[in-house]
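Enquirer: My structure is below; once you've seen it, I'll send some questions.
The values are calculated or read from the model by the stated rules, or taken from the named source; none is laboratory data. What you see is a predicted model, and the numbers here were worked out from it, not measured in a lab. As a convention, Cβ positions derive from the backbone with ideal geometry for all residues, glycine included, and neighbour counts pool all protein chains shown. Remember, those area values only see protein heavy atoms, side chains included, never the ligands or the DNA or RNA. Shrake-Rupley method; radii C 1.70, N 1.55, O 1.52, S 1.80 Å.
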Amino acid sequence: MSAILSIKEMKKSFGSLDVLKGIDLEVKESETIVILGASGSGKSTMLRCINFLEMPTSGEIHLNDELVGTVRGKGENTNITYRESDLCSLRTKVGMVFQQFNLFPHMTVLENVMEGQVTVLKRKKIDASNRAKEQLGKVNLLDKIDQYPSHLSGGQQQRVAIARALAMDPKVMLFDEVTSALDPELVGEVLQTIRSLRDEGMTMLLVTHELGFAYHVADRILFLHEGQILEQGTPQDILFHSKQARTKEFLKGHAAFSLPNPETD
């Protein structure tokens, strides 16, 4: 199966600080990839560059075999430029959900999920409303459509944010530690929503520290270290049979309480 998303030599620097040092990755359609790594390893920056919320310093991103941006110049002077219209188009195809919910507090749940459809996709309000209700139904929040965000739990707000992203009909979804701001009792409802998306065949990249969840949903796990993919493989390969010392060191602090026993699971 060909890659729906292809990343070649993606680098990102902030001044003299090199955060991403050359990411190469191909993501197949319907694949779920979990990204692990210590704080500062470049996980969130990687997702933000894929969605161009941060501009990559260099490298290429292809979506459905099409290069994002336009190549300018020749030889050593070659670079890629990006028009805002190109980036807006990409962001409708690559949805992203963040740690914070970023809902509009003055809008109802339904209005929050409709807003991007109307302003970016230029959908008629009736069509946007129908699509919003469809996605809110998927995250079990149809009974909350007239509520404001302040009246919802954190887990409910995060599920609204997921519904809002899905309503834009993305080809790929990015999740950046979406449960890290939630009370422990609310984490499960958000993870179950993501697991349902996986079962429906949504292509996803997730940054998470929920190793048990990663074990059950990931097709592939990447371990980032100092801005590079240090190791990748199946959940069994990485979580139980990792080869790199840094990966083993990272997992040692998490695995004892968050991973199933591979002999009995």
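Enquirer: Provide a single number: the residues in region 51-80 that are within 19 Å of the chain's Cα centre (by Cα) and either surrounded by 15 or more Cβ atoms within 10 Å (Cβ to Cβ) or without any contact (Cβ under 8 Å) to a residue 12 or more places away in the chain (or both). Break it down stepwise before answering.
Expert: Keep residues of region 51-80 that are within 19 Å of the chain's Cα centre (by Cα), which gives 51-56, 60-64, 68.
Still in the list and also either surrounded by 15 or more Cβ atoms within 10 Å (Cβ to Cβ) or without any contact (Cβ under 8 Å) to a residue 12 or more places away in the chain (or both): 51-54, 56, 60-63, 68.
Counting residues in region 51-80 that are within 19 Å of the chain's Cα centre (by Cα) and either surrounded by 15 or more Cβ atoms within 10 Å (Cβ to Cβ) or without any contact (Cβ under 8 Å) to a residue 12 or more places away in the chain (or both) gives 10.
Enquirer: Please determine whether any residue of region 151-171 is part of a strand (DSSP E or B), of a type outside the set (Ser, Thr, Tyr) and crowded, with 18+ Cβ neighbours inside 10 Å.
Expert: So far as region 151-171 goes, no, none of its residues is part of a strand (DSSP E or B), of a type outside the set (Ser, Thr, Tyr) and crowded, with 18+ Cβ neighbours inside 10 Å.
Enquirer: Could I ask something else about it? When residues of region 1-13 are filtered for being open to solvent by less than 30 Å² (accessible area, probe 1.4 Å), closer than 17 Å to Ser58 by Cα and not charged (D, E, K, R), how many remain? Talk me through it step by step, then tell me what you get.
Expert: First, the residues of region 1-13 that are open to solvent by less than 30 Å² (accessible area, probe 1.4 Å): 3-7, 10, 12.
The next check asks that each one be closer than 17 Å to Ser58 by Cα; those that pass are 5-7, 10, 12.
Of the ones still in play, those that are also not charged (D, E, K, R) are 5-7, 10.
Going through region 1-13 one residue at a time, the tally reaches 4.
Enquirer: I'd like the residue in region 232-243 that is over 12 Å from Leu36 (Cβ atoms) and polar (S, T, N, Q) and, out of all such residues, is surrounded by the most Cβ atoms within 10 Å (Cβ to Cβ). Before you say what the answer is, go through the steps one by one.
Expert: Here is the first cut: in region 232-243, the residues over 12 Å from Leu36 (Cβ atoms) are 234, 236-237, 240-241, 243.
Among the residues that remain, those that are also polar (S, T, N, Q) are: 234, 236.
Working: Thr234: 14, Gln236: 11.
If we take residues in region 232-243 being over 12 Å from Leu36 (Cβ atoms) and polar (S, T, N, Q), then Thr234 is surrounded by the most Cβ atoms within 10 Å (Cβ to Cβ).
Enquirer: Another question, then. Does Ser129 satisfy being surrounded by fewer than 18 Cβ atoms within 10 Å (Cβ to Cβ) and hydroxyl-bearing (Ser, Thr, Tyr)?
Expert: no
Enquirer: With respect to the numbered conditions (1) over 18 Å from Met46 (Cα atoms); (2) surrounded by 16 or more Cβ atoms within 10 Å (Cβ to Cβ); (3) modelled with pLDDT under 95, which one is the sole condition not fulfilled by Ser85?
Expert: For Ser85, the exception is condition (2).
Enquirer: Which residues, counting only those in region 192-210, are crowded, with 21+ Cβ neighbours inside 10 Å and of a type in the set (A, V, I, L, M, F, W, C)?
Expert: Ile194, Met204, Leu205, Leu206, Val207
Enquirer: Ok, one more. Can you name the residue in region 14-40 that is in a loop (DSSP other than H, G, I, E, B) and within 19 Å of Met96 (Cβ to Cβ) and, of all such residues, is least open to solvent (accessible area, probe 1.4 Å)?
Expert: Filtering region 14-40 for residues that are in a loop (DSSP other than H, G, I, E, B) and within 19 Å of Met96 (Cβ to Cβ), the one least open to solvent (accessible area, probe 1.4 Å) comes out as Gly37.
Enquirer: Among the residues of region 211-231, how many are open to solvent by 30 Å² or more (accessible area, probe 1.4 Å), of a type in the set (Val, Ile, Thr) and within 15 Å of the chain's Cα centre (by Cα)?
Expert: 0
Enquirer: If I filter region 16-26 for residues that are within 21 Å of Leu197 (Cα to Cα) and touching a helix residue (DSSP H, G or I) at 6+ places or on another chain (Cβ under 6 Å), do I get at least one hit?
Expert: No.
Enquirer: Filter region 92-124 for residues that are surrounded by fewer than 18 Cβ atoms within 10 Å (Cβ to Cβ) and assigned to a helix (DSSP H, G or I); which is modelled with the lowest pLDDT?
Expert: Thr92
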